[in-house]
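Asker: The structure under discussion is supplied below as structure tokens; questions concerning it will follow.
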Amino acid sequence: MCSCSVTSYGDLLLVNTSNGLDESHINLPAPQAPSFICMNKNTGEVYWTDDSPGANILHGQWSSPAVGEFNGVPQVIFAGGDGWVYSFRCDQGKGGNPELLWKFDANPKDSKWILGGRGTRNNIIATPVVHDGKVYVAVGQDPEHGEGVGHLWCIDPNKRGDVSPQLAVKVSDRSKSIPHRRLQAVIEEEGEVAIDNSNSAVVWHYDKFDRNGDGEIEFEETMHRSCGTVAIKNGLLFISDFSGLFHCLDAKTGKVHWTYDMLAQAWGSPLIVEDNVYIGDEDGDVSIFKLSSETDEDGMVEPIAEINMGNSVYSTPIVANGVLFIANKTHLFAIEAPTRQANASDNTAR
């Protein structure tokens, strides 16, 4: 079963197969089954498959592939169920195999996967976003696992090899990395340590910030697990997290401009329409913010409007042909601007 969307690039179709654990949440029936597939969208011919996450898949794989061209090299970027991001040359490959360009561990090496979401290691639910020559991705877990620590990364896709922030090595031999483990990459009790990676592709990393400079990190100053994909415009990046915070950052530097507590979990992604940003939450509220980094004198921000849709809004709002579409748990709403409705009435009258 595939729970993510396919991505098309020319005549290529890129697919994340969603290979994962069975209902026990412990057993992985087919670790060597393909996680990533490239095929001909017209004929269905499979050009290549890849099983890089292998036996390290934590739970499932829900992220859709992203495609971008960087310095003339087309890349297809997959978020694996092991918490790694993988980039391959976006072509037909050779001999049924793709060319791996780079890979990136989106979790700290000392993070640990614990059944039921009680740990600190995450997989990736959201789709990586390509913008202005960079790749943006946040980590998260199945919503049933609840809230937890999160990370948002900005990655330089022009580097090659293992471009993770850190490498896992033995204290006795730091010259080579040790193979990645599913549950925890580094176990100090076994003589292992994480060291900085000189080949790291991290542009910036956001997990927390001290807004008021008091030396303590509060709830509103933390990035949590996220199911959502970032939205970017005019150098501003927006993302919701599963703990109900809505974040606004500088897309180039990772500087946090503001956060807003929606007081309800958010599953979806932001929508930017002209100079406004829309985000829905589990309480059924759609909050609308100005596309702005400005805050009040206390560093706070409030939405310009908050509309309750009568039931939980888990999905992302969308605009098509001048109409805003919002789905809650039971209904689909199509909302037109008053001026558009008036113009339609005038045309009918004529």
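Each reported figure results from applying straightforward, stated rules to the coordinates on display, with no laboratory input. Remember, it's a predicted structure, so these values are computed and weren't measured experimentally. No Cβ is skipped: glycine too gets one built from the backbone with ideal geometry, and neighbour counts run over all protein chains shown.
Asker: Calculated from the structure, Cα Rg over 2.2 N^0.38 Å equals which of (1) 1.09; (2) 1.04; (3) 1.17?
Answerer: Correct label, based on the coordinates given: (2).
Asker: Less than 15 Å apart at the alpha-carbon level, and either on another chain or at least 8 residues along: which aspartates and glutamates does that give for residue 329?
Answerer: Cross-link targets: 281, 282, 283, 285.
Asker: Enumerate the calculated ³J(HN,Hα) couplings along the range 27-39 in order (Karplus 6.51 cos²θ - 1.76 cosθ + 1.60, θ = phi - 60°), each rounded to whole Hz, writing x wherever the residue is Gly or Pro.
Answerer: Rounded to whole hertz, the list is 8, 9, x, 9, x, 8, 5, x, 9, 10, 9, 10, 9.
Asker: Which of the aspartates and glutamates could be linked to residue 208 by a straight reach, that is with a Cα gap under 17 Å, when you skip same-chain ones fewer than 8 residues away?
Answerer: Within the straight-line limit of under 17 Å, residue 208 reaches these aspartates and glutamates: 147, 216, 218, 220, 221, 241, 250, 261.
Asker: Place a +1 charge on the Cβ of each Lys and Arg in the range 7-207 and a -1 charge on the Cβ of each Asp and Glu, then give the dipole magnitude about the Cα centre in debye, rounded to the nearest 20.
Answerer: Using only the charged Cβ atoms, the result is roughly 340 debye.
Asker: In degrees from 0 to 90, rounded to the nearest 10, what is the angle of the helix 338-349 Cα long axis to the longest principal axis of the chain?
Answerer: 60
Asker: To the nearest 20 debye, what is the magnitude of the charge dipole of the chain about its Cα centre, counting +1 on the Cβ of each Lys and Arg and -1 on the Cβ of each Asp and Glu?
Answerer: 1360
Asker: Same structure, new question: Report the residue, chosen from 125, 304, 318, that carries the largest GNM mean-square fluctuation when the chain is represented by alpha-carbon nodes joined by springs under 10 Å.
Answerer: 304
Asker: Oh, and also: Could you derive backbone 3J(HN,Hα) for the range 205-211 from the dihedral phi with the Karplus parameters 6.51, -1.76 and 1.60 (θ = phi - 60°), listing whole Hz in sequence and x where the residue is Gly or Pro?
Answerer: 9, 10, 10, 6, 7, 9, 4
Asker: Given a cut-off of 19 Å, name the pairs among 112/159; 134/233; 103/233; 109/170; 233/290 whose C-alpha atoms lie farther apart than that in the structure shown.
Answerer: 112/159; 103/233
Asker: Taking H placed 1.01 Å from N in the peptide plane, check which residues at least 5 places from residue 47 or on another chain put their amide H under 5 Å from its amide H.
Answerer: 38, 39, 40
Asker: Something else: How large is ³J(HN,Hα), in whole Hz, for each residue of the range 70-80 in order, when computed from phi with the Karplus curve 6.51 cos²θ - 1.76 cosθ + 1.60 and θ = phi - 60°, using x for Gly and Pro?
Answerer: 10, 6, x, 9, x, 10, 9, 10, 10, 9, x
Asker: Listing 145, 25 from the residue with the fewest other Cβ atoms within 10 Å to the one with the most, what is the order?
Answerer: 25, 145
Asker: Still on this structure: Could you tell me which of 240, 53, 320 has its Cα farthest along the dipole of the chain towards the positive end, charges placed at Cβ (Lys, Arg +1; Asp, Glu -1), taken about the Cα centre?
Answerer: Selected residue: 53.
Asker: Amide H neighbours of residue 285 under 5 Å, counting only residues 5+ apart in sequence or on other chains, H built in-plane at 1.01 Å?
Answerer: 309, 313
Asker: Another question, if that's okay. What is the Cα centroid distance between the range 255-328 and the range 207-223, reported in whole angstrom?
Answerer: So the two Cα centres are separated by 22 Å.
Asker: Quickly estimate the mean residue ellipticity at 222 nm for the chain, helices only: each DSSP H run with n ≥ 4 gives -39500 (n - 2.57), and the total goes over all residues, rounded to 500.
Answerer: Only helices count here, giving -1000 deg cm²/dmol.
Asker: GluC sites (Glu not before Pro) within the range 1-71: which are DSSP loop residues with at most 14 other Cβ atoms inside 10 Å?
Answerer: 23, 45
Asker: Right, next: Taking every alpha carbon pair in the range 74-221, what does the distance histogram look like in 5 angstrom bins from 0, in percent?
Answerer: 2, 9, 17, 19, 19, 17, 11, 5, 1, 0, 0, 0
Asker: Still on this structure, I have one more. Rounded if a/c is under 1.5, else prolate if a/b beats b/c, else oblate: with a ≥ b ≥ c from the C-alpha gyration tensor eigenvalues square-rooted, which is the range 50-111?
Answerer: In terms of gyration-tensor shape, prolate.
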